[in-house]
Amino acid sequence: MKDIRLSMLKTIALTLVGLALFLFFISLFEPVFITEDEVVKGYWIFAMGWMGFAIFQFAWYANLLSFLAVLLMFKHPLYAFLLSLFSLLLAAESFLFDEIPLGTSKGNIAIIDNDIGLYLWIGAHCAVLYAVVLMLIRKKMIDHELALRRFKRKPPKRIEVNSEL
């Protein structure tokens, strides 16, 4: 008999991955940072963020780690959990940004405040983390079930005594 909890956990995890994709997509078109002159939308951050390694801003790389965690969550949920946890910590680095470098002689653009796009993006990473946690729980339930079957005690064989003595 198949445990329905296992399929429910997988369904909820896939729903959370879908939610993460939706939040990520919406965050691309919402303002992420508010500056003195303008708002910076998510698509600009997504397009230019990979260059952040030059100025020690690595939050953009959380996208790659979350994507890798989603790919690994079905076969290797423990590795996926570690990746998604590190991804969320790396994404949280974006709260430390106080200016956006221009790379020109003008200097940098000061960030006044964070906006909804940043929180949606962080929410997408949280949804991936929760999905991976559910898959990790699912794997532990399967392993426990297999261990119970493997080590299930069989009743001892009765010793027959010949009573012809």
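Would you point out which residue out of Phe67, Phe24, Phe29 is touching a helix residue (DSSP H, G or I) at 6+ places or on another chain (Cβ under 9 Å), modelled with pLDDT of 90 or more and closer than 30 Å to Ile142 by Cα? Selected residue: Phe67, the only one of Phe67, Phe24, Phe29 that is touching a helix residue (DSSP H, G or I) at 6+ places or on another chain (Cβ under 9 Å), modelled with pLDDT of 90 or more and closer than 30 Å to Ile142 by Cα.
Taking each residue of the range 109-122 that is in contact (Cβ under 8 Å) with a residue 40 or more places away in the chain and looking for partners that are in a strand (DSSP E or B) and of a type in the set (S, T, N, Q) with beta-carbon atoms closer than 8 Å, six or more apart or interchain, yields Ile109/Thr35; Ala110/Thr35; Ile111/Thr35; Ile112/Thr35.
Ile137 fulfils the conditions (1) without any contact (Cβ under 8 Å) to a residue 60 or more places away in the chain; (2) over 16 Å from Phe24 (Cα atoms); (3) not acidic (Asp, Glu) except for a single criterion, (1).
The values are calculated or read from the model by the stated rules, or taken from the named source; none is laboratory data. If you're wondering where the values come from, they're calculated on a predicted model, not measured in any experiment. Note: ideal-geometry Cβ built from the backbone for every residue, glycine included; neighbour counts use all protein chains shown.
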